[in-house]
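Below is one structure, written out as structure tokens; comments come after it.
The values are calculated or read from the model by the stated rules, or taken from the named source; none is laboratory data. All figures in this text were calculated on a predicted structure; none of them were measured in a lab. All Cβ positions, even for glycine, are placed from backbone atoms using ideal geometry, and neighbour counts span all protein chains on display. What goes into the accessible areas is simple: the full protein's heavy atoms, side chains included, and nothing from ligands, DNA or RNA. Shrake-Rupley method; radii C 1.70, N 1.55, O 1.52, S 1.80 Å.
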Amino acid sequence: QVQLVESGGGLVQAGGSLRLSCVASGRTFSSYGMAWFRQAPGKEREFVAAMTRSGDTDYSNSVKGRFTISRDNAKNTVYLQMDSLKPDDTAVYYCASQYGSGWSRSRYEYTSWGQGTQVTVSS
């Protein structure tokens, strides 16, 4: 397993942008699929975006076209670029890892999680 640490959250006005980063420990980062989830108060943790170890991506319908997931294996880091932010994007954002070539929209398929970073979008 890897240990994950997110950063980059904050307060932003609607229409603004943020870039989240998630740094993973260990030397086998390139062997993991990575994903971002988010959880708003009183709601279930939901899938946002995923990238396989080969670079394929998947996005939830609510963020497609506004968010971009990317990774830099040399830096053991996965990013989430968030543009055109909306108040509904307000949540704690978590990165997660899954060993192997696949990916999933189910949080139960991911074995390691970061501590989360708060994103607040004001109207």
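What does the charge count near Asn61 come to, summing +1 for each Lys or Arg and -1 for each Asp or Glu among other residues with Cβ under 13 Å from its Cβ? Show your work: numbers first, answer last.
Details: positive: Lys64, Arg66, Arg105; negative: Glu46, Asp58, Asp88.
Residues close to Asn61 contribute a combined charge of 0.
Output wanted: per-residue J couplings in Hz (rounded whole) for the stretch 107-123, from phi through Karplus 6.51 cos²θ - 1.76 cosθ + 1.60, θ = phi - 60°, x for Gly and Pro.
My calculation for the stretch 107-123 gives 5, 6, 8, 9, 9, 10, 9, x, 7, x, 9, 7, 10, 10, 10, 8, 8 Hz in order.
Ordering Arg27, Arg66, Arg53 from largest to smallest accessible area (1.4 angstrom probe), what's the sequence?
Highest to lowest solvent-accessible surface, that is Arg27, Arg53, Arg66.
Quote the convex hull volume per residue of the chain, based on C-alpha atoms, as a whole number of Å³. Please report the intermediate quantities before stating the final value.
Working: hull volume 10.9 nm³, N = 123.
Here the figure is 88 Å³ per residue.
Roughly to the nearest percent, how much of the accessible area of the stretch 1-71 is carbon and sulfur, given a 1.4 Å probe? Walk me through the intermediate numbers first.
Details: 1600 of 3650 Å².
Exposed carbon and sulfur together represent 44 percent of the surface.
Please report the net charge: other residues with Cβ closer than 15 Å to the Cβ of Phe29, K and R +1, D and E -1.
Working: positive: Arg27, Arg53, Arg71, Lys75; negative: Glu6, Asp72.
Summing Lys and Arg as +1 and Asp and Glu as -1 gives +2.
Using a 1.4 Å probe on the protein heavy atoms only, what accessible surface does Val121 show? Give it in Å² to the nearest 10.
10
Once the Cβ-Cβ distance between Ser31 and Ser60 is put in as r, and R0 is 25 Å, what FRET efficiency do you end up with, to the nearest 0.05?
Working: r = 25 Å, r/R0 = 0.98.
So, using R0 = 25 Å, E works out to roughly 0.55.
Thr90's amide H: which non-local residues (gap 5+, or another chain) put their own amide H closer than 5 Å, with H modeled 1.01 Å from N in plane and none for Pro or chain starts?
Val121
Any idea of Lys86's accessible area? Nearest 10 Å², probe 1.4 Å.
100
In Å², and per residue, what accessible area does the chain have when probed at 1.4 Å with the other protein chains present?
On the way: 6260 Å² over 123 residues.
On a per-residue basis, the chain sits at 51 Å².
Using unit Cβ charges (K, R positive; D, E negative) and no other charged atoms, how large, in debye to the nearest 20, is the dipole of the chain about its Cα centre? Intermediate results must be reported in sequence, preceding the final value.
Numbers: 13 positive and 10 negative charges, 24 e Å.
Once rounded to the nearest 20, the dipole reads 120 debye.
Per residue of the stretch 81-91, what does 6.51 cos²θ - 1.76 cosθ + 1.60 with θ = phi - 60° give for ³J(HN,Hα)? Whole Hz please, x for Gly and Pro, Karplus curve as stated.
Each residue of the stretch 81-91 in turn: 8, 10, 10, 6, 5, 10, x, 5, 7, 4, 4 Hz.
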